[in-house]
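Worksheet for the structure shown next.
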Amino acid sequence: MTPGSATVGGLLVRAAQRWPDAEALVEGTTVLSHAEAAARAAAVARRLLERGVRPGDRVALALPNGWRYAAAYGGVQLAGAVAVPVNTRFTARETEYVLDDCAARYTVVDAELAGRVPEVCPHWDVDELTAPGPDLGELPGLALAATDVANILYTSGTTGQPKGAMQTHGNLVFNAGTVGSVFGIEPADRTLVVAPMFHATGVVSQLVGFGAHGAARVFQPRFTASDMRAALAEHRITFFAGVTAMIQLMLADPGFDPADLPALRTVCFGGAPVAEAFLASAAERLPAVTFANVWGLTEATSIVTCAAGQQWRDRPWTVGRPVPGVEVAVNGDLDADPDTVGELWVRGPVVVAGYWNRSEATGETFGADGWLRTGDVGRVAADGYVQVLDRLKDMIIRGGENIYSLEVEGVLARHPAVADVAVVGVADELFGERVRAVVVPRAGQEVSLEELRAWAATGLADYKLPVELVSVAELPRNAAGKVRKKALAAAAPAASAPS
């Protein structure tokens with residue numbers, strides 16, 4: 001086998017050639033070297049090709065995180081097919097839509113999930129598919145072009161049916177380069193994969209990106225704070241990527257001792273805003289760790305911007321500067337005034353090829369000039385640091401004034417009695433919309449609307465203060481973990497103040 005110059009399969013083969021004996025995939029007591037991982041993937045490719053899978057065919061993966069997922073994914077890439085990671089939190093109806101929409105040839109499943117996955121196409125048991133076996137020698141996936149599609153990742157469908165973002169081999173190879181250049185990943189690194197493999201972080205940045213640099217990927221199929229903490233220590237994890245709640249739970253454990261994690265050097269957050277108070281507290285508890293914040297989206301492959309270490313500590317409001325080779329501008333205007341607020345557009349090798357079978361949606365989101373309209377509202381500072389203020393669809397307009405829910409959430413999240421919070425707009429006869437805060441109180445504590453308003457008044461203009469309060473045990477989230485703000489807007493308020 002000889003590596004392709006710009007393919008995901010080529011990265012897999014190159015890692016096997018450069019670091020054959022280094023650990024590549026770890027799950028429980030199973031440890032595969034890079035050479036062994038590539039051999040399993042090649043055997044998967046042979047079986048796929050023998051059953052008629054051809055380059056460009058879609059093969060869906062409905063599996064939990066683990067080494068078998070990685071081997072199956074690698075085999076799909078070496079066969080030249082297109083991987084379709086299926087969100088295992090989708091309902092049967094949502095899963096059926098995805099499988100039908102992409103016209104999958106096979107769906108790879110395990111015994112646990114097989115009964116929940118509609119048989120839109122034949123199922124293929126992952127244990128059978130990933131068993132040891134010979135490869136074919138000639139692997140079509142190594143001869144593909146950078147513009148060929150490697151993955152179709154479906155969005156969570158918060159505003160309608162899920163859309164399949166077509167990520168090319170060139171997209172993934174470029175992102176793998178970013179992982180190396182921005183985070184300095186080397187063969188000695190070990191990352192704990194807690195992000196689901198149907199998310200860009202898990203499959204694109206960790207599985208493909210870290211593997212391209214010879215690093216080990218350690219899988220935790222299901223997240224629990226205690227298991228995560230044990231895995232960080234036992235496997236001497238050097239790089240952790242996840243959401244802030246995961247680290248919050250670990251730091252809140254009275255038995256946690258930072259000395260238990262001597263290997264940990266980087267903790268990277270993404271996917272949700274990070275409260276300034278949490279960043280300061282976490283940095284104090286883990287002084288030897290570099291904290292990083294990234295911003296990205298499926299339609300931009302994975303990583304768009306990054307702020308790390310002191311860069312982020314000095315600017316806790318930022319998601320960082322664009323990674324090398326990528327541009328970010330308000331409404332696509334690179335010369336826009338730094339105070340200009342508008343939709344953040346992205347251009348560069350990270351922008352995917354469009355949406356599968358959705359020409360109209362592709363035209364609305366992807367411009368002919370290469371710009372991707374992200375749907376995020378923000379600004380770009382004179383020194384290039386990007387601030388994300390809100391999603392366009394979540395922005396609240398009260399009496400003609402724009403209110404960014406993320407800004408209000410950031411202030412309310414610092415209240416000592418608040419464990420989690422979301423801010424939404426609800427209809428108001430006089431002002432058009434008013435601000436509602438939906439709060440998850442910390443255990444054993446209560447919070448009143450008056451308290452919240454007084455707390456927020458020190459950092460927010462009066463028109464941004466919450467007028468309604470709803471207290472809940474937990475925030476409702478969709479299959480991708482995003483807060484379902486429409487549901488929060490429909491709930492009855494527990495308390496309200498004059499607007």
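The values are calculated or read from the model by the stated rules, or taken from the named source; none is laboratory data. Predicted model, so just to flag it, every value in this text is computed and none were measured. Here Cβ is always computed from backbone atoms with ideal geometry, including for glycine, and neighbour counts include all displayed protein chains.
Checking the range 351-358 against the condition returns a match, with at least one residue being in contact (Cβ under 8 Å) with a residue 12 or more places away in the chain, small (Gly, Ala, Ser) and in contact with a strand residue (DSSP E or B) (Cβ under 7 Å, 6 or more places away or on another chain).
Among the residues of the range 415-438, those identified as over 12 Å from residue 489 (Cβ atoms) and within 24 Å of the chain's Cα centre (by Cα) are 419, 420, 421.
In the range 408-425, the residue that is nearest to residue 454 (Cα to Cα) out of those that are touching a strand residue (DSSP E or B) at 6+ places or on another chain (Cβ under 6 Å) and in a helix (DSSP H, G or I) is 412. What are the residues in the range 176-199 that are of a type in the set (D, E, K, R), in contact with a strand residue (DSSP E or B) (Cβ under 8 Å, 6 or more places away or on another chain) and in a loop (DSSP other than H, G, I, E, B), if any? Listed by number, the list holds a single entry, 189.
Taking the range 439-454 as the range and being farther than 17 Å from residue 493 by Cα and in contact with a strand residue (DSSP E or B) (Cβ under 9 Å, 6 or more places away or on another chain) as the test, the residues that pass are 442, 443, 445.
Among the residues making up the range 104-122, a single one is free of Cβ contacts under 8 Å to residues at least 12 places away in the same chain and within 19 Å of residue 196 (Cβ to Cβ): 114.
Per-residue answers, yes or no, for (1) assigned to a loop (DSSP other than H, G, I, E, B); (2) not charged (D, E, K, R):
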site: 6; (1), (2): yes, yes
site: 17; (1), (2): no, yes
site: 37; (1), (2): no, yes
site: 40; (1), (2): no, no
site: 52; (1), (2): yes, yes
site: 77; (1), (2): no, yes
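Exactly one residue out of 362, 305, 301 is surrounded by fewer than 22 Cβ atoms within 10 Å (Cβ to Cβ), modelled with pLDDT of 95 or more, of a type in the set (Ser, Thr, Tyr) and touching a strand residue (DSSP E or B) at 6+ places or on another chain (Cβ under 8 Å), and it is 362. Checking each residue in the range 104-116 for being surrounded by fewer than 22 Cβ atoms within 10 Å (Cβ to Cβ) and out of contact with any Lys or Arg (no Cβ under 8 Å at 6 or more places or on another chain) picks out 111, 112, 113, 114, 115, 116. When the range 77-103 is limited to residues that are surrounded by 22 or more Cβ atoms within 10 Å (Cβ to Cβ) and modelled with pLDDT under 95, the one that is nearest to residue 199 (Cα to Cα) turns out to be 87. For residue 457, state whether it is within 30 Å of residue 161 (Cβ to Cβ), exposed (fewer than 15 other Cβ atoms within 10 Å of the Cβ) and either free of Cβ contacts under 8 Å to residues at least 24 places away in the same chain or in contact with a Leu (Cβ under 9 Å, 6 or more places away or on another chain) (or both). The answer is no for residue 457. Exactly one residue out of 375, 384 is on the phi > 0 side of the Ramachandran plot and part of a strand (DSSP E or B): that is 375. In the condition set (1) assigned to a strand (DSSP E or B); (2) at pLDDT below 95, residue 25 is compliant with all but (2). With respect to the stated conditions, residue 176 fails to be assigned by TED's automatic domain parsing to the domain that holds residue 153, surrounded by fewer than 19 Cβ atoms within 10 Å (Cβ to Cβ) and in contact with a Leu (Cβ under 7 Å, 6 or more places away or on another chain).
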